[in-house]
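Engineer: Handing you a structure now.
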Amino acid sequence: MNIQIFGTKSSNDTRKAERFFKERRIPFHFRDLTEKGISKGELENIKQVIPVEELIDKEGMQFKKRDLAYMVYDIEEELLNDPLLFRTPIVRNGRMVTVGYEPEVWKEWIKIT
């Protein structure tokens, strides 16, 4: 397994995802979105599995702070420019991707390997 977790240290769901993999002794790479965003290439790979509309956190603080609910914008462009708009955690295992806390899906990944 090659697990990558994209999220923020302040996100409860991100911390729960980290704990899920730590408890099962599965190594993972954590990318803090407050320090470094997702590259255009990574976003393209994620979009092959998850529609871009599902990646933006319309309930999040950053979305509300920027008043995006009242604007017309390109979702992909906004996500690339402001990684704090992503729903977290984004968990990748090769070409498989989940958004949010999805332990049942991750358990299936573990069974496959």
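Engineer: Dipole of the stretch 13-113, Cα-centred, from +1 at each Lys and Arg C-beta and -1 at each Asp and Glu C-beta, to the nearest 20 debye?
Structural biologist: In total the dipole reaches around 620 debye.
Engineer: Could I ask something else about it? Are there trypsin sites (Lys or Arg not before Pro) in the stretch 6-41 that DSSP marks as loop and that have at most 13 other Cβ atoms within 10 Å, and which are they?
Structural biologist: Here the trypsin sites (Lys or Arg not before Pro) that fit, given the DSSP loop and packing criteria, are 9, 24, 25, 36.
Engineer: To the nearest 10 degrees, how steeply does helix 12-23 sit against the main Cα axis of the chain, on a 0 to 90 scale?
Structural biologist: For helix 12-23, the angle is close to 20 degrees.
Engineer: Can you sort 59, 108 from fewest to most other Cβ atoms within 10 Å of each residue's own Cβ?
Structural biologist: With the sparsest Cβ surroundings first, the list reads 59, 108.
Engineer: Which FRET efficiency, nearest 0.05, do residue 32 and residue 105 yield, Cβ-Cβ r, R0 30 Å?
Structural biologist: E between residue 32 and residue 105, to the nearest 0.05, is 0.85.
Engineer: Looking at the stretch 4-113, which chymotrypsin sites (Phe, Trp or Tyr not before Pro) are DSSP coil and have at most 14 other C-beta atoms within 10 Å of their C-beta?
Structural biologist: Working: sites: 6, 20, 21, 28, 30, 63, 70, 73, 86, 101, 106, 109; in loops: 73, 101.
Within the stretch 4-113, the qualifying chymotrypsin sites (Phe, Trp or Tyr not before Pro) (loop, at most 14 other Cβ atoms within 10 Å) are 73.
Engineer: Follow-up. Using amide H atoms built in the peptide plane, which far-off residues or other-chain residues are under 5 Å from residue 96 H to H?
Structural biologist: For residue 96, whose amide H was placed from the backbone, there are no distant partners under 5 Å.
Engineer: Report, to two decimal places, the Cα Rg of the stretch 3-112 normalised by 2.2 N^0.38 Å (N = number of residues).
Structural biologist: Computed over Cα atoms of the stretch 3-112, the ratio equals 1.05.
Engineer: Taking the chain as a Gaussian network, Cα atoms linked when under 10 Å apart, which of 43, 33, 68 shows the biggest mean-square fluctuation?
Structural biologist: Comparing 43, 33, 68 in the GNM, the peak value goes to 68.
Engineer: Would you calculate, for the chain, the mean residue ellipticity at 222 nm contributed by helices, counting each DSSP H stretch of 4 or more residues as -39,500 (n - 2.57) and dividing by all residues, to the nearest 500?
Structural biologist: Dividing the helical sum by the residues of the chain leaves -10000 deg cm²/dmol.
Engineer: Now, a different point. Between 26, 38, 90, find the one with the highest GNM mean-square fluctuation for the chain; connect C-alpha pairs within less than 10 Å.
Structural biologist: 26
Readers should treat all values here as calculations from the given coordinates under stated rules, not as data from a laboratory. Bear in mind that the values here come from a model prediction, so they are computed numbers and not experimental data. Every residue, glycine as well, gets a Cβ built from its backbone with ideal geometry; the counts of neighbours run over all protein chains shown.
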